[in-house]
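The values are calculated or read from the model by the stated rules, or taken from the named source; none is laboratory data. If you're wondering where the values come from, they're calculated on a predicted model, not measured in any experiment. No Cβ is skipped: glycine too gets one built from the backbone with ideal geometry, and neighbour counts run over all protein chains shown.
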2 protein chains.
Amino acid sequence: MTNARIEVLGIGNAIVDVIARAEDDFLVRQGMNKGAMALIDEERAEHIYEAMGPAVEVSGGSAANTIVGIASLGGRAAFIGKVRDDALGGVFAHDIRAIGVRFETPPAFEGASTGRCYVLVTPDGERTLNTYLGAAQDLHPNDIDSEAVAGAAITYLEGYLWDPKNAKDAFLKAATVAHDSHRHVALSLSDAFCVDRWREEFLELIRTHTVDILFANESELHSLYQTSDFDTAAAALRKEAQLAVVTRGEKGCVIVSRDKVTEVAASPVERVVDTTGAGDLFAAGFLFGLARGLDHAICGKLGGLAAAEVIQHIGARPEVGLKALAQENGLLA
Amino acid sequence: MTNARIEVLGIGNAIVDVIARAEDDFLVRQGMNKGAMALIDEERAEHIYEAMGPAVEVSGGSAANTIVGIASLGGRAAFIGKVRDDALGGVFAHDIRAIGVRFETPPAFEGASTGRCYVLVTPDGERTLNTYLGAAQDLHPNDIDSEAVAGAAITYLEGYLWDPKNAKDAFLKAATVAHDSHRHVALSLSDAFCVDRWREEFLELIRTHTVDILFANESELHSLYQTSDFDTAAAALRKEAQLAVVTRGEKGCVIVSRDKVTEVAASPVERVVDTTGAGDLFAAGFLFGLARGLDHAICGKLGGLAAAEVIQHIGARPEVGLKALAQENGLLA
């Protein structure tokens, strides 16, 4: 795959995170489901913002975080997603380009403002997400740069794309273009509630091999197969998916394909500060390794290392260069 | 002073920080003076932003950071400063109010956008500031809420206010109102280059007792008296200032008044991540102690503790509640 112009191209909701610390009872008072992502409208967004504490603004978005991780590892990366031509849209575009990601989706010049995610980080490091999609709603099949997709070794899509009305068509267009060019398509299931909203369609994507590589955490996997038993879900996954990676937090990850199951331990973490981006950065490490043709176990370790970096500080994007970190840990030459 | 409605009221440039890591040679290439604050125009702001790496946005502004520190210590605090009615102005207003600071200055509805400071943090933790004042330029004497100033035990002004054209008059109006109500006026010298721009006027403020309490770091003090000898500068300061505090980084601080000189050691710091806000938070701890009638040595320790917290993470505002931190360290009951 190393001859492709772009190694990983991500398509996702372009979002700026607004991150604040919060106590658990704040989540309870606000009726928030701890650890989950809730879609909110503008009025609710304003209400939450008014109620929450002092915040920091950091570019986010699930697939966008992953793509930034790819670039930080030294990979050739591109992103497609929709912002508005406003201040936060400028922040999003600056941050993703500044790390070397190709980002050429034109911003919207009218309509809703750039999408925001209100991230509440509780003292245990868990994050609870409230997303106002805003301009991300306006991602359209026309925004899919077919040439870029056709040239990318892997096109990576977030399950959250199933929420905005036109993004689903954009998703399917990208998958078709990728497969027509004999490229791979990867999907993150994003969130257990997202799986709950789109279970049948996600299963269909897997069963029809519209998706070649699947990322899920335990709760997303359980939601997908509606079972609380991990082994049952993993067995079902193995039958249906070409290649799937299930992340299990501090228990590491399980990589499942038809012919083998590989377990990889998690990277050591001194102190969990903010779990935002853990899954996104795991996917970054794994996909980077895959695009470079590395062994699945090494891919899993790269994922674990990137995830470990991002959960030890506030924000869902790496604070240090992941390439150097991977080299220090003997995972890259 | 504890009966005053407001303990410390700050007046300063309302700024949002845009913080990125940078190598020393980036500063050299950009012609930046390491560790200093440079005033920049909009064109230069755009140029720097384009050249710098991925950033985080955090509310800042020197006096505003101090006032947030006062509130975090449990003090009654207010702030006067000018933002535009734009996205970053909303961020600034949210963040300062969310921690309990009274902030009622109406935003500008036209003119320049909310002020921004591009903060480049080098690997040694030193920060280099590039400030686009924007709407902060429009702080006007009419924005000074005389009732609030008259009711505040201490009015705290930043030297940076001498840069925007109308802010100087706002500063002098506030000082007059404060003294007419038998309150105290404090000034931070802000930056050695700021002192260089306004040396004679700052000396005049001290000599005429327009300012009762002065904050300076070593380089500002040296710039004020145009000497590289600390003892010479400190002796001059002692003759002219009513009460002055000179911060000396890891060497702690020296508190100077006519009748005594008190030295206070710095708080231990595990790892310096970003020195942005060190002076601002020192002033917060000191002024909070002073407003509560505490001994100068305790005031210095509170300042050192608050400064130590803020330099151990990215951003110039405390990440943990300073009141609890001061209690844990036996400085507050």
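Return yes when residue B:10 is touching a Ser or Thr at 6+ places or on another chain (Cβ under 6 Å) and more than 14 Å from chain A (Cβ to nearest Cβ) and no when it is not. Let's see the steps before the verdict.
Numbers: touching a Ser or Thr at 6+ places or on another chain (Cβ under 6 Å): yes; more than 14 Å from chain A (Cβ to nearest Cβ): yes.
So residue B:10 passes the test.
So, in the range A:98-108, exactly how many residues are outside any loop (DSSP other than H, G, I, E, B), over 17 Å from residue A:291 (Cβ atoms) and out of contact with any Pro (no Cβ under 9 Å at 6 or more places or on another chain)? Spell out the reasoning first.
Let us first name the residues in the range A:98-108 that are outside any loop (DSSP other than H, G, I, E, B), namely A:98, A:102-103, A:108.
Pick out the ones that are also over 17 Å from residue A:291 (Cβ atoms) and you get A:98, A:103, A:108.
Filter once more, so that each one left must be out of contact with any Pro (no Cβ under 9 Å at 6 or more places or on another chain): A:103, A:108.
Residues that pass the stated criteria total 2.
Hey, can you tell me all the residues within the range A:219-244 that are farther than 23 Å from residue A:295 by Cα and either acidic (Asp, Glu) or touching an Asp or Glu at 6+ places or on another chain (Cβ under 7 Å) (or both)? Explain how you work it out, then say what you get.
Start the filter on the range A:219-244 by keeping residues that are farther than 23 Å from residue A:295 by Cα, which leaves A:219-233, A:236.
Residues satisfying the conditions are A:220, A:223, A:229, A:230, A:231.
So which residues in the range B:181-190 are surrounded by 24 or more Cβ atoms within 10 Å (Cβ to Cβ) and in a loop (DSSP other than H, G, I, E, B)?
Correct list: B:189, B:190.
Could you please let me know if residue A:92 is closer than 27 Å to residue A:142 by Cβ, within 21 Å of the chain's Cα centre (by Cα), of a type in the set (Phe, Trp, Tyr) and not in a helix (DSSP H, G or I)?
On the way: closer than 27 Å to residue A:142 by Cβ: yes; within 21 Å of the chain's Cα centre (by Cα): yes; of a type in the set (Phe, Trp, Tyr): yes; not in a helix (DSSP H, G or I): no.
Against the criterion (closer than 27 Å to residue A:142 by Cβ, within 21 Å of the chain's Cα centre (by Cα), of a type in the set (Phe, Trp, Tyr) and not in a helix (DSSP H, G or I)), residue A:92 does not qualify.
crowded, with 18+ Cβ neighbours inside 10 Å and of a type outside the set (Phe, Trp, Tyr): does that describe residue A:101? Working first, answer last.
Working: crowded, with 18+ Cβ neighbours inside 10 Å: yes; of a type outside the set (Phe, Trp, Tyr): yes.
Considered against the rule, which asks whether it is crowded, with 18+ Cβ neighbours inside 10 Å and of a type outside the set (Phe, Trp, Tyr), residue A:101 comes out as yes.
Under 6 Å between Cβ atoms, which residue pairs at least 6 apart in sequence (or on different chains) link something in the range A:251-264 that is part of a loop (DSSP other than H, G, I, E, B) with a partner that is surrounded by 15 or more Cβ atoms within 10 Å (Cβ to Cβ) and of a type outside the set (Gly, Ala, Ser)?
As it stands, the answer is A:252/A:264, since those pairs meet every condition given.
Give the residues of the range B:55-79 that are within 29 Å of residue A:96 (Cα to Cα) and either more than 14 Å from chain A (Cβ to nearest Cβ) or not in a helix (DSSP H, G or I) (or both), sorted by residue number.
Quick first cut of the range B:55-79, residues within 29 Å of residue A:96 (Cα to Cα) only: B:55-62, B:65.
Result: B:55, B:56, B:57, B:58, B:59, B:60, B:61, B:62.
Filter the range B:218-230 for residues that are under 21 Å from residue B:286 (Cα atoms) and in contact with a helix residue (DSSP H, G or I) (Cβ under 6 Å, 6 or more places away or on another chain); which is surrounded by the fewest Cβ atoms within 10 Å (Cβ to Cβ)? Quick ask: steps written out before the conclusion?
Taking the range B:218-230 as the starting set, the residues that turn out to be under 21 Å from residue B:286 (Cα atoms) are B:218-221.
Going one step further and asking which of them are in contact with a helix residue (DSSP H, G or I) (Cβ under 6 Å, 6 or more places away or on another chain), we end up with B:219-221.
Details: B:219: 16, B:220: 25, B:221: 26.
Here the residue is B:219.
Any residue in the range A:87-114 that is more than 21 Å from residue B:84 (Cβ to Cβ) sitting within a Cβ distance under 6 Å of a residue that is among the basic types (Lys, Arg) and surrounded by fewer than 19 Cβ atoms within 10 Å (Cβ to Cβ)? List the pairs, counting only those 6 or more apart or interchain.
A:103/A:97
Have a look at A:227, A:232, A:210 and point out the one that is within 25 Å of residue A:70 (Cβ to Cβ) and either part of a loop (DSSP other than H, G, I, E, B) or more than 21 Å from the chain's Cα centre (by Cα) (or both). Quick ask: steps written out before the conclusion?
Details: A:227 fails: within 25 Å of residue A:70 (Cβ to Cβ); A:232 fails: within 25 Å of residue A:70 (Cβ to Cβ).
Only one candidate qualifies: A:210.
To keep it simple, each residue is scored yes or no on (1) more than 14 Å from every other protein chain (Cβ to nearest Cβ); (2) of a type outside the set (D, E, K, R); (3) within 20 Å of residue B:19 (Cβ to Cβ).
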{"site": "B:257", "(1), (2), (3)": "yes, yes, no"}
{"site": "B:260", "(1), (2), (3)": "yes, no, no"}
{"site": "B:266", "(1), (2), (3)": "yes, yes, no"}
{"site": "B:276", "(1), (2), (3)": "no, yes, yes"}
{"site": "B:299", "(1), (2), (3)": "yes, yes, no"}
{"site": "B:308", "(1), (2), (3)": "yes, yes, yes"}
{"site": "B:311", "(1), (2), (3)": "yes, yes, yes"}
{"site": "B:315", "(1), (2), (3)": "no, yes, yes"}
{"site": "B:324", "(1), (2), (3)": "no, yes, no"}
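Looking only at the range B:166-180, decide whether some residue is in contact with a Cys (Cβ under 9 Å, 6 or more places away or on another chain), in a helix (DSSP H, G or I) and hydroxyl-bearing (Ser, Thr, Tyr). Let's see the steps before the verdict.
Step one: filter the range B:166-180 for residues in contact with a Cys (Cβ under 9 Å, 6 or more places away or on another chain), giving none.
Looking for residues that are in contact with a Cys (Cβ under 9 Å, 6 or more places away or on another chain), in a helix (DSSP H, G or I) and hydroxyl-bearing (Ser, Thr, Tyr), one finds none in the range B:166-180, hence no.
Anything in the range B:80-103 that is under 17 Å from residue A:55 (Cβ atoms) and more than 8 Å from every other protein chain (Cβ to nearest Cβ)? List them, or say none.
The initial filter retains those residues of the range B:80-103 that are under 17 Å from residue A:55 (Cβ atoms), namely B:83, B:86-101, B:103.
Correct list: B:83, B:89, B:90, B:92, B:93, B:97, B:100, B:101, B:103.
Evaluate the following for residue A:305: is it touching a Ser or Thr at 6+ places or on another chain (Cβ under 7 Å), modelled with pLDDT of 95 or more and not aromatic (Phe, Trp, Tyr)? Give the steps one after another, and end with the answer.
Details: touching a Ser or Thr at 6+ places or on another chain (Cβ under 7 Å): yes; modelled with pLDDT of 95 or more: yes; not aromatic (Phe, Trp, Tyr): yes.
Against the criterion (touching a Ser or Thr at 6+ places or on another chain (Cβ under 7 Å), modelled with pLDDT of 95 or more and not aromatic (Phe, Trp, Tyr)), residue A:305 qualifies.
Does residue A:271 count as buried (at least 24 other Cβ atoms within 10 Å of the Cβ) and either within 14 Å of chain B (Cβ to nearest Cβ) or assigned to a strand (DSSP E or B) (or both)?
Numbers: buried (at least 24 other Cβ atoms within 10 Å of the Cβ): no; either within 14 Å of chain B (Cβ to nearest Cβ) or assigned to a strand (DSSP E or B) (or both): yes.
When the stated conditions are applied, residue A:271 does not pass them.
If you check every pair at least six apart or on different chains, which have Cβ atoms under 7 Å apart with a residue in the range A:289-310 that is of a type in the set (Val, Ile, Thr) first and a residue that is modelled with pLDDT of 95 or more and assigned to a helix (DSSP H, G or I) second?
As it stands, the answer is A:298/A:289; A:310/A:278; A:310/A:281, since those pairs meet every condition given.
Could you figure out which of (1) at pLDDT 95 or above; (2) within 30 Å of residue A:19 (Cβ to Cβ); (3) touching a Gly at 6+ places or on another chain (Cβ under 7 Å) isn't true of residue A:328?
Residue A:328 satisfies all of (1) at pLDDT 95 or above; (2) within 30 Å of residue A:19 (Cβ to Cβ); (3) touching a Gly at 6+ places or on another chain (Cβ under 7 Å) except (3).
On the given criteria, is residue B:165 touching a helix residue (DSSP H, G or I) at 6+ places or on another chain (Cβ under 6 Å) and of a type in the set (Lys, Arg)? Spell out how you get there, then give the answer.
Working: touching a helix residue (DSSP H, G or I) at 6+ places or on another chain (Cβ under 6 Å): no; of a type in the set (Lys, Arg): yes.
So residue B:165 does not fit the description; no.
Could you tell me how many of the residues in the range A:16-54 are within 14 Å of chain B (Cβ to nearest Cβ) and touching a residue at least 40 places away in the same chain (Cβ under 8 Å)? Give the derivation first.
Residues of the range A:16-54 that are within 14 Å of chain B (Cβ to nearest Cβ), as a first pass: A:16-23, A:26, A:42, A:45-54.
Okay, now just the ones that are also touching a residue at least 40 places away in the same chain (Cβ under 8 Å), so A:16-23, A:26, A:42, A:45, A:48-49, A:52.
Total satisfying the criteria: 14.
From the residues in the range B:127-160 that are in contact with a strand residue (DSSP E or B) (Cβ under 9 Å, 6 or more places away or on another chain) and among the acidic types (Asp, Glu), which one is farthest from residue B:209 (Cα to Cα)?
Here is the first cut: in the range B:127-160, the ones in contact with a strand residue (DSSP E or B) (Cβ under 9 Å, 6 or more places away or on another chain) are B:127-139, B:143-145, B:148-149, B:151-160.
After this cut, where a residue has to be among the acidic types (Asp, Glu) as well, the list is B:138, B:143, B:145, B:158.
Details: B:138: 27, B:143: 23, B:145: 22, B:158: 16 Å.
Within the range B:127-160, the match that is farthest from residue B:209 (Cα to Cα) is B:138.
Report the residue count in the range B:292-333 for those that are among the small types (Gly, Ala, Ser), surrounded by fewer than 20 Cβ atoms within 10 Å (Cβ to Cβ) and farther than 20 Å from residue B:263 by Cβ.
Step one: of the range B:292-333, the residues among the small types (Gly, Ala, Ser) are B:293, B:297, B:300, B:303-304, B:306-308, B:315-316, B:321, B:324, B:326, B:330, B:333.
The next check asks that each one be surrounded by fewer than 20 Cβ atoms within 10 Å (Cβ to Cβ); those that pass are B:293, B:297, B:321, B:324, B:330, B:333.
Now restrict to residues that are farther than 20 Å from residue B:263 by Cβ: B:293, B:321, B:324, B:333.
Qualifying residue count for the region: 4.
Does at least one position in the range B:20-35 carry a residue that is modelled with pLDDT of 95 or more, in a strand (DSSP E or B), under 18 Å from residue B:316 (Cα atoms) and in contact with a Lys or Arg (Cβ under 9 Å, 6 or more places away or on another chain)?
no
Kindly evaluate residue B:71 against the criterion of being in contact with a helix residue (DSSP H, G or I) (Cβ under 6 Å, 6 or more places away or on another chain) and under 23 Å from residue B:145 (Cβ atoms). Give the steps one after another, and end with the answer.
Details: in contact with a helix residue (DSSP H, G or I) (Cβ under 6 Å, 6 or more places away or on another chain): no; under 23 Å from residue B:145 (Cβ atoms): yes.
No; evaluated as a whole, the condition is false for this residue.
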